[in-house]
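Read the structure below first, then the notes.
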Amino acid sequence: SYAISENNLNFLAAGEVVTAVFTITVNDQNGGTANQDVTVTLTGSNDAPTITVVDVAGAITEGAATLSDSGAITFADLDLSDRPTATEATKSVSAKLADGITTLVLSADQQTAIANAFSITNAVANTNNGTVTWDYTISEGNLDFLAAGEVVTAVFTITVNDQNGGTANQDVTVT
């Protein structure tokens with residue numbers, strides 16, 4: 001019989017194969033032997049990447065000298081030959097008046113400026129494990145429409161894709 005824990009094979013990516021050959025020898029204790037090889041083929045399947053939160057919340061205050069914040073996520077993919085990459089997309093941009101309840105309607109240009117201020121960078125050394133950093137930098141002029149106490153909340157989704165059907169998502173919220 002042959003038995004192995006799933007966890008011991010997670011390093012195999014989809015379609016990767018490990019072949020193990022075992023030789024069974026029967027000995028009659030009188031000088032006679034017979035050999036038979038037994039071949040076990042182990043075929044990998046895709047394991048989706050996982051994300052670990054490092055810093056996924058940003059806070060910017062209009063009028064400050066620096067209107068930027070940054071953070072990171074890390075990811076891991078058990079499949080050793082996978083090389084995940086990350087992309088980002090704007091999930092939502094919303095604004096509230098100073099009362100915290102009433103919605104503030106943003107123009108298309110305001111929404112675009114807020115969304116375009118977010119970017120990510122895949123670390124050059126990423127293999128099946130790695131880091132994705134995010135940066136949010138916006139000019140003071142793009143926030144001049146905000147009055148005291150008004151708040152814009154922008155949510156961006158970072159997606160890590162292993163290129164083999166496995167993905168993991170993490171939201172980053174900038175206020």
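The values are calculated or read from the model by the stated rules, or taken from the named source; none is laboratory data. The shown structure was predicted, so the numbers you read here are calculated from the model rather than taken from an experiment. Cβ coordinates were reconstructed from backbone atoms using ideal geometry, including for glycine residues, and neighbour counts include every protein chain displayed. Accessible surface areas use protein heavy atoms only, side chains included; no ligands, DNA or RNA. Shrake-Rupley method; radii C 1.70, N 1.55, O 1.52, S 1.80 Å.
Could you sort Lys96, Lys91 by their accessible area in this structure, using a 1.4 Å probe and putting the largest first?
Sorted by accessible area, descending: Lys91, Lys96.
Given the -39500 (n - 2.57) contribution per DSSP H run of 4+ residues, what per-residue ellipticity at 222 nm results for the chain, rounded to the nearest 500 deg cm²/dmol?
Numbers: 1 runs with 9 residues, N = 175.
After summing the helix terms and dividing by the residues of the chain, the value is -1500 deg cm²/dmol.
Taking the Cα centre of each part, how many Å lie between segment 11-45 and segment 61-88?
Value for the Cα centre distance between the two parts: 45 Å.
Per residue, how many Å² of accessible area does the chain show with a 1.4 Å probe?
57
Students often get this wrong, so try it: which of (i) 26.4, 98; (ii) 18.0, 57; (iii) 21.4, 73 is Rg and Dmax of the Cα atoms in Å as calculated from the structure shown?
From the options (i) 26.4, 98; (ii) 18.0, 57; (iii) 21.4, 73, the structure gives (i).
For the chain, give the magnitude of the charge dipole about the Cα centre (Cβ charges: +1 Lys/Arg, -1 Asp/Glu; no others), in debye to the nearest 20.
Computed charge dipole of the chain: roughly 120 debye.
Roughly to the nearest percent, how much of the accessible area of the chain is carbon and sulfur, given a 1.4 Å probe?
Roughly 51 percent, rounded to a whole number.
Give me the Kirkwood hydrodynamic radius of segment 48-117, using the inverse of the mean 1/r over all pairs of distinct Cα atoms, in Å to one decimal.
15.5 Å is the Kirkwood radius here.
Taking θ = phi - 60°, what integer Hz values does the Karplus form 6.51 cos²θ - 1.76 cosθ + 1.60 yield along segment 48-59, in sequence order, with x for Gly and Pro?
Residue by residue, segment 48-59 yields 5, x, 10, 10, 10, 6, 9, 8, 10, 9, x, 9 Hz.
Using only alpha carbon pairs under 8 Å that are at least six residues apart, calculate the relative contact order of segment 30-175 and give it in whole percent.
The value is 33 percent.
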